[in-house]
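Since the structure comes first, as structure tokens, the remarks are kept for the end.
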Amino acid sequence: STVLAGYGLVKKYGSTTALAGVDVEVGEGDSLAIMGPSGSGKSTLLHIVAGIVRPDGGQVLLRGERSEMGVPPAEGWGRIDNLGENRLSALRRKRFGFVFQSGQLLPELPAEENVALPLMLEGVPRGRAVSRARRWFAPLGLDGLEQRRPGQLSGGQAQRVAIARALAVEPDVVFADEPTGALDQRTSDEVVRLLTSVTRDQGAALVMVTHDADVAAHCGRILHVRDGLISGHSQYTVA
Ligand code: ADP
Ligand code: ADP
């Protein structure tokens, strides 16, 4: 069942139309890859459904959100594209996880504290946050690396710590923008395999932007974007 949807999404930057009217839906435990040439609108689409960029047209709906007036919306859905900035940033921290290409870990903190940080921002006391953070290390093949600082990790290990951090608050949706863009092919394959499987096991949806068809093939569905429009869909049955 659908957890996040965007309908009729439009975004303009001056005379550039980054998105020209795009629909997207993602279900609980599903993974969606957004592919397309550079400048086609992939990042803009991800940023809009993640509540980072506001659309000029269309709506973004999230299940389980209450409307601005505090009234439960029809069938448990709420619009999030028109929320105030404070509500939106609270919602992002609580219900969304983010994985970027690289450089997202704080270099002075051990891996486990990097993972615990989103929990501490949600008010979980440090000790409990760190013990909850540690639970993600084994499933992501990071056993024994809890105390390492990001500079003492390989690129693939650092991305797996970033995945643990994105999952720490047990979000409904994980957004990944070129999560393997800085990795070699073998490492990239291992990282995306873990990202898709651990996210699915958690029951969260995954929305990922990638240039790499081998990476996209790990997702259940692929949305092809060209010139700000959907140019095609592919469906995979992920083993
Ligand atoms: P992609 O992720 O597919 O490379 P983007 O979504 O980043 O594409 O960009 C789509 C188009 O919108 C491009 O022409 C890009 O230059 C433009 N664009 C994106 N963000 C901005 C911005 N903040 N200001 C101006 N133009 C932007
Ligand atoms: P990506 O490779 O992921 O598309 P970019 O390097 O194109 O990332 O963009 C990085 C950031 O700059 C994004 O937040 C994007 O919205 C913004 N951006 C992209 N194109 C432009 C532009 N033409 N003018 C201003 N900002 C832009």
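The values are calculated or read from the model by the stated rules, or taken from the named source; none is laboratory data. In this text the structure is predicted, and so the values were computed from the model without any measurement. Every residue, glycine among them, receives a Cβ derived from its backbone with ideal geometry; neighbour counts consider all protein chains shown. Note: accessible area is taken over every heavy atom of the protein model, side chains too, but ligands, DNA and RNA are not part of it. Shrake-Rupley method; radii C 1.70, N 1.55, O 1.52, S 1.80 Å.
A few points about this structure:
- Pair ASP143, SER234: separation of 7 Å Cα→Cβ label points (nm): 3.5
- Coordinate range of the alpha-carbon atoms in the range 100-233 per principal axis, descending: 48, 29, 24 Å.
- Where labels lie 7 Å past Cα in the beta-carbon direction, separation of ARG135 and ARG193 in nm: 2.5
- Across the chain, the relative contact order, built from alpha-carbon pairs under 8 Å that are at least six residues apart, equals 28 percent.
- Residue-averaged [θ]222 nm for the chain, counting only DSSP H segments that reach four residues, each worth -39500 (n - 2.57): -9000 deg cm²/dmol
- Principal semi-axes in Å for the range 160-239 [√(5λ), Cα gyration tensor, largest first]: 20, 15, 12
- The modelled label-to-label distance for the pair SER154/ARG128, using points 7 Å beyond Cα in the direction of Cβ, is 3.6 nm.
- Acute angle (nearest 10 degrees) that the helix 111-121 long axis makes with the longest principal axis of the chain, alpha-carbon atoms: 50
- Protein-only accessible surface at a 1.4 angstrom probe places the residues HIS211, HIS224, HIS218 in the order HIS211, HIS224, HIS218, largest first.
- Heavy-atom SASA rank of TRP136, TRP77 (probe 1.4 Å, accessible area, largest first): TRP77, TRP136
- Full-extension gain in nm, GLU85 to ALA213, via 0.36 nm per residue minus C-alpha separation: 42.6 nm
- Each Cα pair under 8 Å and six or more residues apart adds its sequence gap; the mean of these over the residue count of the range 70-186 is a relative contact order of 39 percent.
- Note on SER31: accessible area approximately 20 square angstrom, rounded to 10, probe 1.4 Å, nucleic acids and ligands left out.
- Taking Cα atoms only, the orientation of helix 185-201 departs from the longest principal axis of the chain by about 80 degrees.
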